[in-house]
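See below for the structure under consideration.
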Amino acid sequence: MKKTLLAAAIAGTAMFSTSALAADYKIDTEGQHAFIEFKINHLGYSWLYGRFNDFEGSFSYDEDAPENASVNVTIDTASVDTNHAERDKHLRGEDFLNVSKFPQATFKSTKYVPDDDDEGEGTLYGDFTLNGVTKEIAIEVEHVGAGEDPWGGFRRGFSGEVDLTLADYNIDYNLGPAAKEVELELSIEGVRQ
Amino acid sequence: MFRNTSKRYGLVSILIHWLSALIVFGLFALGWWMLTLTYYDQWYRLGPWWHKSFGTCLLILTVLRVLWVMANPKPAALGNRIEVIGAKLGHALLYLLLFTVMISGYLISTADGSSISVFDLFSVPATLTDLPSQEDIAGEVHWYSALALVILAGGHGLAALKHHFINQDTTLVRMFGKTERK
């Protein structure tokens, strides 16, 4: 009798945790545990960092079937912040992000391919729209961790990196040969819904 | 000689007037031109540096000008009643636009808390910072008020020429320190 109960309890826990793994997550922009940062080379001499302060999104992830993962993110391009008001004003203008015409950048994933040799890593493919231009990009993703938080919720986080060529998005302002690409650095934490 | 009387403008008022005119049109031209510069132009950084330095000087000059106007008599405006009222309104609007242009310009560059360097001699610190979209809104205000200012200043000049050639009064020559034509 005792054994049966124990077995039932274990089975129940296993079922519970299996269903808990396939879930939808809301990116925690409210608690500010998510960052969309970028870096671009300045003249070939140093790295300039910036970020988008306002964005929202969600993802779905199943640890047992990571290939089914999907992500949706919408970025408010006017929230670009490089810690320099004059430069930010220029970035929002027609030479760069054109934010009055294209106030949003979006990413919608199309497929996720986990790495064969490292199950915590993979490549996330999707359509990225910036400055009104949509291109398929491939983000190198690393699963950072997941688990219960101290306040009764369940969280999961990833980091990601992707190089974008500015000219692909009709941003052709000449910043020099070392600054034709910008690297997006993503740090995304989601709270399970 | 330096102060105004009820008949004539003194040297201080005359110099401030023409110096302001020169700086206003110079800054407008420089501001417009520097927007066309690209990253690798020598003037990409020099243009804004001169623009902000001279702009700050104009702000100081304009504050002193207002104090000087308040402390001095003013030669009576010439023309009929409508012209006199029009002139007063126009002049008030010129002052209003001057301050709007200069304050909005200041709010662009100081939106992130940076100070403005004036000829690398001294800096003007930021005061109002981090308002929502501060540099973008201030930028729009700066451009349109500057445009309005040079258009109104152009009209101000045309009005002076009209006084000189059509009314044939002393409005224009007074700004060169004379009290009579010829």
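Look at residue B:107 and say whether it is within 12 Å of chain A (Cβ to nearest Cβ), without any contact (Cβ under 8 Å) to a residue 60 or more places away in the chain and not in a helix (DSSP H, G or I). Criteria not met by residue B:107.
Those residues that are within 25 Å of residue B:3 (Cα to Cα) and either part of a helix (DSSP H, G or I) or without any contact (Cβ under 8 Å) to a residue 60 or more places away in the chain (or both), I need them from region B:162-177; list them, please. Residues satisfying the conditions are B:163, B:164, B:171, B:172, B:173, B:174.
Scanning region A:55-88 for residues that are of a type in the set (A, V, I, L, M, F, W, C) and part of a helix (DSSP H, G or I), we see that the one that is surrounded by the most Cβ atoms within 10 Å (Cβ to Cβ) is A:85.
One line per residue, one yes/no per condition, for (1) closer than 30 Å to residue A:42 by Cα; (2) surrounded by 14 or more Cβ atoms within 10 Å (Cβ to Cβ); (3) aliphatic (A, V, I, L, M); (4) at pLDDT below 95:
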residue	(1), (2), (3), (4)
B:1	no, no, yes, yes
B:14	no, yes, yes, no
B:35	yes, no, yes, yes
B:41	yes, no, no, no
B:85	no, no, yes, no
B:91	no, yes, no, no
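Residues in region B:112-161 that are surrounded by 15 or more Cβ atoms within 10 Å (Cβ to Cβ), part of a helix (DSSP H, G or I) and either of a type in the set (D, E, K, R) or touching a Cys at 6+ places or on another chain (Cβ under 7 Å) (or both): B:135, B:136. When residue B:25 is tested against (1) over 30 Å from residue B:168 (Cβ atoms); (2) modelled with pLDDT of 95 or more, exactly one condition is not met: (1). From the list A:23, A:34, the one residue that fits, being small (Gly, Ala, Ser), surrounded by 15 or more Cβ atoms within 10 Å (Cβ to Cβ) and at pLDDT below 95, is A:23.
Among the residues of region A:113-131, count how many are of a type outside the set (A, V, I, L, M, F, W, C) and over 18 Å from residue A:184 (Cα atoms).
Here is the first cut: in region A:113-131, the ones of a type outside the set (A, V, I, L, M, F, W, C) are A:114-123, A:125-127, A:129, A:131.
Restricting the remaining residues to those that are over 18 Å from residue A:184 (Cα atoms) gives A:114-120.
Residues that pass the stated criteria total 7.
The values are calculated or read from the model by the stated rules, or taken from the named source; none is laboratory data. Just so you know, these numbers come straight off a predicted model, no measurement behind them. Methodologically, a virtual Cβ is constructed for each residue, glycine included, from the backbone with ideal geometry; neighbour enumeration extends over all protein chains shown.
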